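Here is the structure we will look at, set down as structure tokens.
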Amino acid sequence: MKLGSLPGGRDGRLAVVSRDLTRAISAQGIAATLQAALDDWAHRKPALESLAHELETGRATGIPFDPAQALAPLPRAYHWVDGSAYVNHVELVRKARGATMPDSFWTDPLVYQGGSDDFLPPQADAPFASEDWGIDFEGEVAVVTDDVPMRIGPAAARGRIQLVMLVNDWSLRNLIPGELAKGFGFYQSKPATAFSPVAVTPDELGEAWRDARVHLPLVVHLNGKPFGQPDAGTDMTFDFGQLIAHAAKTRRLGAGSIVGSGTVSNRDRSTGSTCLAERRMLETLDQGKPMTPFLSFGDRVRIEMFDAAGRSIFGAIDQRVARVA
């Protein structure tokens, strides 16, 4: 099942989207918004699945689905926590600045809590005030949970995953050092995040969803040219069950909580990268200095994932870097 949010109100209007992403049908008779559906998921899910079946079999026709008009599946959420599950990526960051990595990074996930009150639509401009901030994209995978109790274990946490989607976790690299030096974490350096046009139930991924990981390449294009396609399942040190359990160590997670994987990264350098910072790190290690610039106004980033038959699963995050009005 694929779910999206169409324009209408601050939280959008819930719609079921066809597998080929061409048609959508309103789910207003079941739940007004995706958050409302997740709040009562055990009862709402069967009705949504029935509507999805009607759409796929032609019993319901719906309307054309335009990803460019879609909002983020959850236009705002109660909780957005992003991890750094690809420790290979973290290791590169530290190596490029000559710092060693503590052994604990391989056993204890890194996470930060991001702003969740204003997510960007998947194909809307990404607004920034200055190119000097070091504008960077980050291609990721995220899951959406139902209610998660405190101190849940990783195995049980995997059963709390209800939806999967893609992420562009925009970062302002030149603001990060100053913020982290204060010892209080990210804020201004982590602007509004973008998500894919639809969120899908894990069964839509078939064999690609196993061990609470998505075993498919995350394909990134920059200004129409291939940038990277690392496999999201390979080299993911912490699966989503482990990330959720880590986040719930001292608190409950409410239905609709979003948990991100962090920048997808492979040790195999031939697969490329899903962010500029990683490419710049590799250039620093190989050539002594970074060669690839951060983004400029007008640059376009596209993030997408395809099934084995080459069909887009989530639709594309396709955004232009724009100067804020």
Applying the gyration tensor rule to the Cα atoms of region 7-72 (axes a ≥ b ≥ c; rounded if a/c under 1.5, else prolate if a/b exceeds b/c, else oblate), the class is oblate
Excluding ligands, DNA and RNA, the carbon-plus-sulfur percentage of the accessible area of region 82-183 with a 1.4 Å probe reads 50 percent
To the nearest 10 degrees, the tilt of helix 87-96 (Cα long axis) against the first principal axis of the alpha carbons of the chain is 30 degrees
If one compares the long axis through the Cα atoms of helix 276-287 with the longest principal axis of the Cα atoms of the chain, the angle in degrees, nearest 10, works out at 30 degrees
Over region 1-154, with neighbouring protein chains present, the accessible area per residue in Å² at probe 1.4 Å is 45 Å²
Per the helix-only model, the chain has a calculated mean residue ellipticity at 222 nm (DSSP H runs of ≥4, -39500 (n - 2.57) each, divided over all residues, rounded to the nearest 500) of -5500 deg cm²/dmol
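Taking Cα pairs under 8 Å and at least six residues apart, what relative contact order does region 185-325 come out at, in percent?
The normalised contact order for region 185-325 reaches 26 percent.
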So, relative contact order of region 272-325 in percent, Cα under 8 Å, 6 or more apart, is 26 percent
Answer in debye to the nearest 20: the dipole magnitude of region 1-136 about its Cα centre, from +1 Lys/Arg and -1 Asp/Glu charges placed on Cβ, is 380 debye
Quick calc, the chain, dipole around Cα centre from Cβ unit charges on Lys, Arg (+) and Asp, Glu (-), nearest 20 debye, gives 340 debye
Listed residues T193, T57, T284; largest mean-square fluctuation, Gaussian network over the chain with Cα springs below 10 Å, found at T57
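What are the equivalent ellipsoid semi-axes of the chain, built from the alpha-carbon gyration tensor (square roots of five times its eigenvalues), in whole angstrom, biggest first?
Numbers: eigenvalues 194, 97, 69 Å².
Here the semi-axes work out to 31, 22, 19 Å.
Based on alpha-carbon atoms only, what is the radius of gyration of region 177-302 relative to the globular estimate 2.2 N^0.38 Å?
Dividing the Cα radius of gyration by 2.2 N^0.38 Å gives 1.22.
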With N residues in region 140-186, Rg(alpha-carbon) / (2.2 N^0.38 Å) equals 1.65
If every Lys and Arg gets +1 and every Asp and Glu gets -1 at its Cβ, then about the Cα centre region 184-325 yields a dipole, in debye to the nearest 20, of 640 debye
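Below 8 Å, C-alpha to C-alpha, sequence gap of six or more: please give me the relative contact order for the chain in percent.
Once divided by the residue count of the chain, the mean separation gives 23 percent.
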Rg/Rh of region 61-117 (Cα atoms, Kirkwood Rh), to two decimals, equals 1.24
The farthest towards the positive end of the charge dipole of the chain, of the residues W209, V16, Q188, given +1 on Cβ of Lys and Arg and -1 on Cβ of Asp and Glu, is Q188
To the nearest 10 degrees, the tilt of helix 41-57 (Cα long axis) against the first principal axis of the alpha carbons of the chain is 80 degrees
Computed Rg/Rh for region 1-143 (Cα atoms; Rh = Kirkwood radius) stands at 1.08
Under a Gaussian network model of the chain whose springs join Cα atoms within less than 10 Å, the largest fluctuation of A156, A77, A99 belongs to A99
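The values are calculated or read from the model by the stated rules, or taken from the named source; none is laboratory data. Everything quoted here is computed from the prediction, not taken from an experiment. Cβ: placed from backbone, ideal geometry, glycine included. Neighbour counts: every protein chain shown. When the accessible area is computed, the model is the full protein with side chains, heavy atoms only, and any ligands, DNA or RNA have been set aside. Shrake-Rupley method; radii C 1.70, N 1.55, O 1.52, S 1.80 Å.
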